[in-house]
Amino acid sequence: MTIGLTMRPKKILMVAGEVSGDLHGGQLMEAIHRIDPEIQFLGVGGDRLEKMGMKILYHSQSLSVVGITEVLFKMGSIMKALRGLKQSLDQERPDLIILIDFPDFNLRLAKIAHRKGIPIVYYISPQVWAWRPKRVNLIARWVKKMIVLFPFEIPFYEAAGVDVEWVGHPLLDIVKPTLSKETAFERFGLNPKWRTIALLPGSRMHEVKRLLPPLLASTQLLQKETSDLQFIIPLAPGIPETTLSPWMRNISVPVKVVEGWTYDVMNISELLITASGTATLEAAILGKPMVIIYKVSFLSYWIGRALIHVDHIGLVNLVAEKEIAPELIQNDANPRRIADEALRILRDPILRRRMTEAMAEVRQSLGEFGAAQRAASIVTSLLNEGEA
């Protein structure tokens, strides 16, 4: 008589420590479940991953931060999560770990997991090619597979002996407006005959607190110059509207605030004024001219300048390998400069066309649709290694 053995479901520990990681992690988890719906997920994530059924050990909102010195304010939460995940590796015994960007945290966890013999997939490369490039040697030592989104990352990792594969960018499948422009104008209470400017102050609370005041002040300068403008803020997930209230009360220019609907807001906007980050690439996919702003603490900025070895801050400019959207950094991210750059773009149709054409080239460089599904195939293949 043959006795059947019940195999326990495969288990993946995923760390998606930021809003963008939660977005891409959710897309990857969904794609993996299309291949094997029995695989279980646990780890660090946000609202999206939690809604999809991942067992959240630590919420990403408690760990996400921009800037070097800003990390100090969350160091207690970060170290607590790292200790907790170390215990989870023993208690939960995951078959595989997926790390998504978030390098300072994830590389510490990778070292621990490697010592325990747990295979590690790094999905969405940290920008080690931009700053602290020697960390690639740690990745080569600890990470079994690096899955990258940009083709220029391949030779960098191959030179260090990393097993790397390019799948294209998952944003191509995500960045899609859901409303017609006519419906969007109506839903957001905007005038379709006026020019719309979207303000995107970021996805982290401290980022919003730094960038929102100069953004709002710039609207007053812009309206003095051009009366047919209207402004709207699509709130990022995890940012409550009440956060904006102290600054919104002090402005004379009406600014609409909507929760979500980011791609529909971008789609009806003639110009975006946005925090540096994933939003710049999303805007490029939609072909929208933009002004990029970036502001961290004084000390973080000067430490960063010593460590970063690239010419641009904005992701869209990094991918283009040239400045196709203006960047206002630190003291330059002030209301007057923001308004001046916005007006320069609004008043120059040739400049807008050149920006749009350059963004189309960026879009082309991101590969084809289906990046998350290709990544999922790699992950499940690694999970099933040695079972035959």
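Got a number for residues in region 184-222 being hydrophobic (A, V, I, L, M, F, W, C), outside any helix (DSSP H, G or I) and touching a residue at least 40 places away in the same chain (Cβ under 8 Å)? If you could, list the steps in order and put the result at the bottom.
Start the filter on region 184-222 by keeping residues that are hydrophobic (A, V, I, L, M, F, W, C), which leaves 184-185, 188, 190, 194, 197-200, 205, 208, 211-212, 215-217, 221-222.
Restricting the remaining residues to those that are outside any helix (DSSP H, G or I) gives 190, 194, 197-200.
When the remaining residues are screened for being touching a residue at least 40 places away in the same chain (Cβ under 8 Å), the result is 190, 197-200.
Total meeting the criteria: 5.
Determine the pairs where a residue that is more than 14 Å from K144 (Cβ to Cβ), located within region 93-115, has a partner that is among the hydroxyl-bearing types (S, T, Y) and in a strand (DSSP E or B) with Cβ atoms under 7 Å apart, the partner being 6 or more residues away or on another chain.
These pairs meet every condition: I100/Y123.
Each row is one residue, and each column tells you yes or no for (1) within 19 Å of E18 (Cβ to Cβ); (2) surrounded by 21 or more Cβ atoms within 10 Å (Cβ to Cβ).
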| residue | (1), (2) |
| --- | --- |
| I98 | yes, yes |
| D101 | yes, yes |
| D104 | yes, no |
| A110 | yes, yes |
| K116 | no, no |
| I120 | yes, yes |
| P133 | no, no |
| I139 | yes, yes |
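Residues checked against (1) assigned to a helix (DSSP H, G or I); (2) within 26 Å of S381 (Cα to Cα); (3) at pLDDT below 90:
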position: L28; (1), (2), (3): yes, yes, no
position: H33; (1), (2), (3): yes, yes, no
position: G53; (1), (2), (3): no, yes, no
position: R83; (1), (2), (3): yes, no, no
position: I97; (1), (2), (3): no, yes, no
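Can you tell me which of K181, K176, K134, K116 is under 30 Å from S245 (Cβ atoms), of a type in the set (K, R) and out of contact with any strand residue (DSSP E or B) (no Cβ under 9 Å at 6 or more places or on another chain)?
Values: K176 fails: under 30 Å from S245 (Cβ atoms); K134 fails: under 30 Å from S245 (Cβ atoms); K116 fails: under 30 Å from S245 (Cβ atoms).
The conditions single out K181.
Okay, residues lined up against (1) at pLDDT 95 or above; (2) not assigned by TED's automatic domain parsing to the domain that holds R115; (3) not aromatic (F, W, Y):
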{"site": "A130", "(1), (2), (3)": "no, no, yes"}
{"site": "K134", "(1), (2), (3)": "no, no, yes"}
{"site": "V148", "(1), (2), (3)": "yes, no, yes"}
{"site": "F156", "(1), (2), (3)": "no, no, no"}
{"site": "A160", "(1), (2), (3)": "no, no, yes"}
{"site": "D163", "(1), (2), (3)": "yes, no, yes"}
{"site": "L200", "(1), (2), (3)": "yes, yes, yes"}
{"site": "S203", "(1), (2), (3)": "no, yes, yes"}
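Quick check on region 278-289: of everything there that is crowded, with 24+ Cβ neighbours inside 10 Å and among the small types (G, A, S), which residue is nearest to L328 (Cα to Cα)?
My answer is A279.
Which pairs do you get when a residue that is in contact (Cβ under 8 Å) with a residue 24 or more places away in the chain and of a type in the set (A, V, I, L, M), found in region 33-57, comes within reach of a residue that is surrounded by 15 or more Cβ atoms within 10 Å (Cβ to Cβ) and in a loop (DSSP other than H, G, I, E, B), reach meaning Cβ atoms under 8 angstrom, with the pair 6+ apart or on two chains?
I39/K10; L42/M54; L42/P94; V44/G17; V44/L63
The values are calculated or read from the model by the stated rules, or taken from the named source; none is laboratory data. Because the structure is a prediction, the values reported are computed rather than measured. Counting neighbours? That spans all protein chains shown, and the Cβs are built from the backbone with ideal geometry, glycine included.
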